[in-house]
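The values are calculated or read from the model by the stated rules, or taken from the named source; none is laboratory data. Predicted model, so just to flag it, every value in this text is computed and none were measured. Here Cβ is always computed from backbone atoms with ideal geometry, including for glycine, and neighbour counts include all displayed protein chains.
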Amino acid sequence: MDHSLRNLLFFLLSFCFSLNVNAQNTPDNDSNSIVEPALPFAVHSSKRLSDRSIQEKKEGFFMTGYPRFEYDPIRGISAGGRLNFIQNKDREDPFFNYTAYRYFLAVGGYVFQNTRSGFYMNFDAPYILDTKWRLRVNAFFRNNPDEKYFGTGRQTVEKLQFADKSAGNYGNTRTFEKLDDYQDNLKKAVWDSDRNTFVTDAFYNSFEHTEIFFDFLLERTYYEGRLRLIGGYEALFTAFRDYTGKEVSAYLEDGSTVNAIQRQTLINKDQNGSYWENQNLTGFDESFNFSGIFAAAIVWDTRDFEADPGKGVLLEISNEFSPSILGSDFQFNKSSVHTHWYQTLWNKENTYQRLVFAANFSGSYVSGSEINFIELFDIARQTKRNDILKALGGGYSMRGYRESRFTAPTLLFFNLELRSHLFDFNVLNQNIGVGLSPFYDVGGVWDSPSAVNFKKWRGAPGIGGRFSWNQSTILRVDYARSRESSQFFVGADYIF
């Protein structure tokens, strides 16, 4: 059995044993002071917050905001900001004890060192107007001049290869164990006597990606709030730019910098190749293409607190369908499944301190007669729209590997985290919590669902710091290390 899968099974068995020994109902604080307003309809007890969370929960309207200083290994440091506008209402509100908030609006923007920029808005209103309906609206603009492309298909799980340029010319094909060595080799410039100029492969795995997105989602709850049916509409505009033939910065063997002509990039080669043709992949154009998408999902949700769950399960089965009737330039179907499971293993009575085991399983399959290739990079998730799950790799899926390192029409991955809540404190009427989370991510990609097997899964362990702000705002710092690379991320919200 694959080494990564063995690690995953060991992790699971260890914590299943811990569950049998340690799992118990979370002790609550004295509940005599907690108001229990009458609900307009039944909501299951699994959706109720713990007594301590209710007592710590802020009333009314408030804002949380922070400068956005994020980091990832591709784009470097970002500067920007995010503002969260949160309305909890008061303790007499019928859903005060059952929701993280009544209304939530986040707005923000950022610019990274590599000039990647973005602006976004997320709005969420559970039990809107005291009904069983929930409204969510999301919009964003993104431009990334260094979107990564390591190929598509099952072959992306193999080790990185390229012609060795260590001798100052293009030598034999070399297999690279480490990503940094591979990228250093690409960045080297070689003199091309036919062109009478230097050439390079610095942007061999890169392209520019511009995206404008809007969605409108309605959902209704059933079975006392545990079952949710979601439906909505998405509008996506995408444009791309290739670096083939462009003048870029490169390095000579002695480390000096020169201007060089970018040779053919991998995506330029692949878009005219047999794999893209066989899989019906298209859409790599400099002008904007449009995808009109119907989105639907069925969700079973017993989590006790959406922002930072201590117990419960979320199962989401979703589908995105892009037909020509919506004016779409593409015709494709994307089916996804996500399962999150949370269990408190230990909780010190009347304190913030607790230990939570959290597990995620996700899978996705894309098919169609005309598939926008970028859909293979985005794993659809209707219950959480403030991030983009780049398949597979990066800060929201497999943190030990580069973003989009493994990409194919079919993918599966697991995330396991042990979330320790160490201590909390109050400052300026703000509640701050501090925690630590070791984790393990593992996954794989295939050309079709029938090809899924237990071979060549890729995985990596890591550890992260967690900081909560008034319960609803989560900041995270993650470090992960795989056989190929190590990565450090700073960002907002749990990855699941």
Scanning the stretch 438-496 residue by residue, the ones that are polar (S, T, N, Q) and within 21 Å of S420 (Cβ to Cβ) total 5
Query raised in the report: Has the stretch 73-91 got any residue that is surrounded by 18 or more Cβ atoms within 10 Å (Cβ to Cβ), of a type in the set (D, E, K, R) and modelled with pLDDT of 90 or more?
Result: no
Okay, strands (runs of 3 or more DSSP E) sitting entirely in the stretch 165-274 with 1 or more residues that are under 24 Å from the mean Cα position of the chain (by Cα), I get 206-222, 227-241
* Asked: modelled with pLDDT under 95, under 27 Å from F373 (Cα atoms) and not aliphatic (A, V, I, L, M) - does that describe any residue in the stretch 252-269?
  -> no
Matching residues in the stretch 426-466 (closer than 30 Å to N347 by Cβ and within 18 Å of the chain's Cα centre (by Cα)) number 14
Over the stretch 446-463, the set of residues surrounded by fewer than 22 Cβ atoms within 10 Å (Cβ to Cβ) and not aliphatic (A, V, I, L, M) is W446, D447, S448, P449, S450, N453, F454, K455, K456, P461
Restricting the stretch 445-481 to residues that are in contact with an Asp or Glu (Cβ under 9 Å, 6 or more places away or on another chain) and of a type in the set (S, T, Y), the one nearest to K57 (Cα to Cα) turns out to be S472
Within the stretch 304-320, residues surrounded by 18 or more Cβ atoms within 10 Å (Cβ to Cβ) and not in a loop (DSSP other than H, G, I, E, B) come out as G312, L314, E316, S318, E320
Residues of the stretch 284-303 being assigned to a loop (DSSP other than H, G, I, E, B) and crowded, with 16+ Cβ neighbours inside 10 Å, in sequence order, are F284, T302, R303
By residue number, the members of the stretch 34-61 that are of a type outside the set (A, V, I, L, M, F, W, C), within 19 Å of S468 (Cα to Cα) and either crowded, with 20+ Cβ neighbours inside 10 Å or touching a Pro at 6+ places or on another chain (Cβ under 7 Å) (or both) are S50, R52, S53, K57
Checklist line | Selection status of T156, crowded, with 18+ Cβ neighbours inside 10 Å and not in a loop (DSSP other than H, G, I, E, B) | finding: yes
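Residue-by-condition table, conditions (1) under 19 Å from the mean Cα position of the chain (by Cα); (2) charged (D, E, K, R):
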{"residue": "E36", "(1), (2)": "no, yes"}
{"residue": "F41", "(1), (2)": "no, no"}
{"residue": "R48", "(1), (2)": "no, yes"}
{"residue": "S53", "(1), (2)": "no, no"}
{"residue": "F61", "(1), (2)": "no, no"}
{"residue": "Y71", "(1), (2)": "yes, no"}
{"residue": "Q87", "(1), (2)": "no, no"}
{"residue": "D93", "(1), (2)": "no, yes"}
{"residue": "Y110", "(1), (2)": "yes, no"}
Heads up, the strands (runs of 3 or more DSSP E) in the stretch 437-496 (entirely inside) with at least 2 residues that are modelled with pLDDT of 95 or more are 458-469, 473-481
Is it true that G310 is within 21 Å of the chain's Cα centre (by Cα), in the same structural domain as F237 (by TED's automatic domain parsing), modelled with pLDDT under 95 and small (G, A, S)?
-> yes
Original post:
Does G443 satisfy the criteria of being under 27 Å from G65 (Cβ atoms), touching a strand residue (DSSP E or B) at 6+ places or on another chain (Cβ under 6 Å) and either crowded, with 21+ Cβ neighbours inside 10 Å or touching a residue at least 12 places away in the same chain (Cβ under 8 Å) (or both)?
Top reply: no
In the stretch 471-495, residues that are surrounded by 18 or more Cβ atoms within 10 Å (Cβ to Cβ) and of a type in the set (D, E, K, R) total 3
Checking Y204, Y149, Y170 in turn, the sole residue that is free of Cβ contacts under 8 Å to residues at least 24 places away in the same chain and surrounded by 14 or more Cβ atoms within 10 Å (Cβ to Cβ) turns out to be Y170
Expected single match for more than 30 Å from V434 (Cβ to Cβ) and among the acidic types (D, E) among E320, E306, E349 is E320
